[in-house]
Every structure is written in structure tokens, then in C-alpha cells.
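Reviewing the structure listed below.
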């Protein structure tokens, strides 16, 4: 009996310290453990949830999903990840014609009002007369309307004349540009003197500005009519008559 007791004492002394005392759970393991819900007793209030255990420095508590995100509605699901759809609109009137359309609508409305007032019933005509809508007032209003229509017509005629002038200027510029370009191409093949190149402006680009183009074209065509450029250009079928016609 005593022999067995001594053997047990020796075995207990040789066993490591870790085997005698169980290892304490870590903070992370404690946080992962969830308490099982218990049904509260009848007539007793539910106990508040336990406070979270203190966290060890350098560690963060695990994140648990406690709430399910609400599903997006139809409007957000349609627009997420894609640009918003633009509403289709009908054709708009051009900005340069909007003012004229507004004026025409105003004039038509005033004309309808004058006609309606003149054709009003006796009771309504008497009421309008008491408020100052007299025949003299209507006559003055008609005179102002006629002056407005005359101004609009004159403005329209001026715009049309300006457009015709611009078109004529563009046509003249196109003809002059063709004449000058033809002369320059012919001159580059027959003229060899540097002075002729300078007088005919062959080394200069053709300007697109009307003012600069007119000055350069006149100087070049005048030099094309004079010697020695005139004879050299005439030998290449560009006679002084072409230069005279271009200057005209």
C-alpha cells in the first residue's frame, strides 16, 4: 500500500506544471464564444446583455454581422453603376429666331385683343369705357402697333440686305483667291529672279483676313502687269488681261 502511494507522489512531481493547471483561454477565444440564449422566467424581466470583455493591447475584436443590410429599392438598383438616363426632349427653336417668334406672338395677341374690345357687347363696352378704354386709347394703341410692325419689317429687310452683302463679299473673295492662286502657281514655274519673287509675294502665305488679302493681292497683281514679270507670265499664258480682270 505504501509503495503505491510513493509511486503516485513521484509521478505527480515529474508531471509538468501545464498538465496540473489547465491553460486559460485567450481574449480572442473568449470574444468568439457566444452565450446561449435562455428563456426568461415567467414574470421576470430579461437580463441586460453582458458587457464586452476588455481587449488586450494590439488586438482588435472580431466583427460579427448583427444586422442584414436592407435590399436596395428598384430606383437605386437601376441607377447604381450606370449614368442617369437623360429625358428626351423635343426639338427647340433656334436661338436667333426665338426673339422674332416672341414678337410675332405678342403682335398677334394685341391684334386679337383690339378686335375683341371693338366687338364687345354694350354692357362690357360701357364697363371698359369707365376704366379708360376709350376709342382714342384704342386708336393710339393701333398706331403703336402699326409702328412696331413697320420697325420689324425694316429690321427684316436690313438683315436680308446684310446677308446678300456677305454672300457677295464671299463670292468676290473666292474669285480673287482663285486668280491670285493661279498667278502664283504660274509665276513659280517661270519667274527666277529674287526681285520678282519679292514683288509677286510668292514667299508669303495667302492671308485669310479680308484686309490683308486685299493689300497683298493688289500688290501682286500690279507687279504681274509690269515688266519683267508681265512678259514671263504671258509666255505661260497668263497675260496682263487676266491681272486686269482680277483687279477689277
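Please treat every number below as a calculation from the coordinates, not as lab data. Everything numeric in this text was worked out from a predicted model, so none of it was measured. All Cβ positions, even for glycine, are placed from backbone atoms using ideal geometry, and neighbour counts span all protein chains on display.
Test of understanding: what is the full-extension gain from residue 155 to residue 130, defined as 0.36 nm times their sequence separation minus their Cα-Cα distance?
So the chain would gain 5.2 nm between residue 155 and residue 130.
Once the mean 1/r over all distinct Cα pairs of segment 90-232 is inverted, what Kirkwood radius in angstroms do you read off?
Roughly 21.2 Å, rounded to one decimal.
If we count other beta carbons within 10 Å of each Cβ, what is the order of 164, 201, 131, fewest first?
In order of increasing Cβ crowding within 10 Å: 131, 164, 201.
Relative contact order of segment 166-247, please, whole-number percent, based on alpha carbon pairs below 8 angstrom and at least 6 residues apart.
Once normalised by length, the contact order is 35 percent.
Which whole-number value in Å³ per residue fits the convex hull of the alpha carbons of segment 161-226?
79
Under the 0.36 nm per residue contour assumption, what length would be gained going from the current alpha-carbon distance of residue 175 and residue 244 to full extension?
Separation in residues times 0.36 nm, less the Cα-Cα distance, equals 23.5 nm.
Gain in length, residue 225 to residue 204, computed as 0.36 nm per residue apart minus the alpha-carbon separation, to one decimal in nm?
5.6 nm
Assuming R0 = 30 Å, can you tell me the calculated FRET efficiency for the pair residue 165 and residue 145, based on Cβ-Cβ distance, to the nearest 0.05?
Plugging the Cβ-Cβ distance into 1/(1 + (r/R0)^6) gives 0.45.
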